[in-house]
1. With the other protein chains left in place, how much accessible area per residue, in square angstrom, belongs to the chain at a 1.4 angstrom probe?
2. Tell me the accessible surface of residue 7 in square angstrom (1.4 angstrom probe, heavy atoms of protein chains only), to the nearest ten.
3. Once neighbouring chains are kept in place and the probe is 1.4 Å, which whole percent of the accessible area of the chain is contributed by carbon and sulfur?
4. Just want to confirm a number: the relative contact order over the chain, from Cα pairs under 8 angstrom separated by 6+ residues, in percent.
5. Just need the Rg to Rh number for the chain, please, alpha carbons only, Kirkwood Rh.
Amino acid sequence: RIVIDPEVLVGKPVVKGTRLAVEFLIDLLAQGWSEADILRSYPTLTAADIHACLQYASERLRAEKVYPLHL
């Protein structure tokens, strides 16, 4: 459901078949939008698309490496 295409939004991850970036949808949720709010405003999306965005973000964060600074 999440695709990366250099021809769409300069390669940002988007919901397949849309120009809606994962980042944008995660930001809406962070601003307090409900899933229902998003689906109402973007009727081409499905609940599964929103869940795929959350899963994508979760996987990216899980793969993130953190290195301590030694001062």
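The values are calculated or read from the model by the stated rules, or taken from the named source; none is laboratory data. A quick note: this is a predicted structure, and the numbers were derived from the prediction, not measured. The protein model used for the area step is the full one, side chains on, heavy atoms only, and it has no ligands, DNA or RNA in it. Shrake-Rupley method; radii C 1.70, N 1.55, O 1.52, S 1.80 Å.
1. Ligands and nucleic acids excluded, the figure is 75 Å² per residue.
2. Roll a 1.4 Å probe over it and residue 7 shows about 150 Å².
3. 58 percent
4. Dividing the mean separation by the residue count of the chain yields 24 percent.
5. Rg/Rh: 1.07.
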